1. Using θ = phi - 60° and the Karplus relation 6.51 cos²θ - 1.76 cosθ + 1.60, list the HN-Hα couplings for the stretch 35-42 in order, rounded to whole Hz, with x at every Gly or Pro.
2. Pull out the extension gain between residue 82 and residue 56, defined as 0.36 nm times the separation in residues minus the alpha carbon to alpha carbon distance; nm, one decimal.
3. Which whole-Hz ³J(HN,Hα) couplings does the stretch 64-69 yield from phi under the Karplus relation 6.51 cos²θ - 1.76 cosθ + 1.60, θ = phi - 60°, glycine and proline marked x?
4. For the residue pair residue 142 and residue 31, what label-to-label distance in nm results when each label sits 7 Å from Cα along the Cα-to-beta-carbon direction?
5. Kirkwood Rh and Cα-based Rg: tell me the resulting Rg over Rh for the stretch 23-89, rounded to two decimals.
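No value in this document is a laboratory result; all are computed from the given coordinates. Note that the structure is a prediction, hence the values are computed from the model and not measured. Cβ placement follows ideal geometry from the backbone for every residue including glycine, while neighbour counts extend to all protein chains displayed.
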Amino acid sequence: MKLENPFKKDPNAPKEEKFLYTEEQLMARLKFVVGICLAFTLFGIVFVVLYSLVFVTQPMNAISPVDQKFFELIVPIATFLTGTLSGIMLADRTPNGQPQPPKPAAPTAPTLSAPAPAPAPVAPKPPMVSVPPKVAVPPAPLKE
């Protein structure tokens, strides 16, 4: 009994058409990759902060000045990453939290209607005039 290799393609088989992703599929993949990157970055920041608090010797009654500056730097970064991550995950939602309904497909058959009106004429823009910059003149010295 001979088993065929499932990964070997038959050379006589017709070539398949190239598969193209739809816009929604590409957007979903992009959101997934960006979300994973931001989540790993946020996880790394939290891990480093916890490590520096737990395993690094601190003064008894306060936090060291270096760690205090480090936390001042990390807090806005972590806040930004959290907001960005939640914005990406909720991008296609309506205010009540439901996904937006799909957009209707464009009509394929032409419809009979009145011809579109001609566009209104647009007035030409005036030419740009360059103005020389103002030069600050120092005040004259006071005489006594």
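1. 3J(HN,Hα) across the stretch 35-42, in whole Hz: x, 5, 4, 5, 5, 5, 5, 5.
2. Numbers: separation 26, 0.36 × 26 = 9.36 nm, distance 2.60 nm.
Going from the current span to full extension adds 6.8 nm.
3. Along the stretch 64-69, the couplings run 5, x, 5, 5, 5, 5 Hz.
4. With each label point 7 Å from Cα toward Cβ, the separation is 6.8 nm.
5. 1.17
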